[in-house]
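The values are calculated or read from the model by the stated rules, or taken from the named source; none is laboratory data. All figures in this text were calculated on a predicted structure; none of them were measured in a lab. Cβ coordinates were reconstructed from backbone atoms using ideal geometry, including for glycine residues, and neighbour counts include every protein chain displayed. Each accessible area value is taken on the protein alone, full model and side chains, heavy atoms only, with ligands, DNA and RNA left out. Shrake-Rupley method; radii C 1.70, N 1.55, O 1.52, S 1.80 Å.
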Amino acid sequence: MARVIGAALTLCIVALFAAYGRAGEVRPKFPADETLTVPSLTLTDEQFLQGNTANGVAVTLTGQLRFPSWNEHLPAVILLHGSNGAANSTPAVRWGEFLNRMGIATFRLDSFGGRGIDQVETDQSRLSSLAQFYDTYRAVDVLAAHPRIDPSR
């Protein structure tokens, strides 16, 4: 009897591995994470507060859209980095992982790279303190048009 149960258990384990791939096989994540571009403007604080976008400098930013491991219309959260830049934003990475586990897509926007800036920690005058607000609005526009994102959420 023990042999029959052991054989049945072995068959179940083999079937489980067959259903999820071979041992050691790396399966691509679905849906795959994406790099998106976000058209934005570099504005001074005054331009932003006055809504003066006519004199802003056009810039193309990028960001990483990361999905949970299922495919449906998902809510999304935009994650911003601090003064030390996107490459050094451990809190944004950790929040992204946490939110993805909850079933929420995340978009980590890099407000510096497209502007040729790596950090403003040592010189805050390199970029308006309100620039990331405008960038975030533009990222919302891009995400709202994405087929896997629910624009109402």
Taking the Cα-to-Cβ direction at residue 117 and at residue 150 and moving 7 Å from each Cα, how far apart do the two end points lie in nm? 3.5
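Which order do you get for 141, 135, 110 if you rank them by accessible area with a 1.4 Å probe, largest at the top? Mind showing how you got there, number by number?
Working: 141 85, 135 0, 110 40 Å².
Largest accessible area first, the residues go 141, 110, 135.
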Solvent-accessible surface (1.4 angstrom probe) belonging to residue 59, in square angstrom, nearest 10: 20
FRET efficiency for residue 69 and residue 138, Cβ-Cβ distance as r, R0 = 35 Å, nearest 0.05? 0.80
For residue 115, the accessible surface traced by a 1.4 Å probe with all protein chains present amounts, in square angstrom to the nearest 10, to 40
Subtract the Cα-Cα distance of residue 46 and residue 32 from 0.36 nm times their separation in residues, and report this length gain in nm to one decimal. 1.1 nm
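Go through 117, 78 and list them by solvent-accessible area, largest first, probe radius 1.4 Å. Show your work: numbers first, answer last.
Details: 117 20, 78 40 Å².
Greatest to least solvent exposure: 78, 117.
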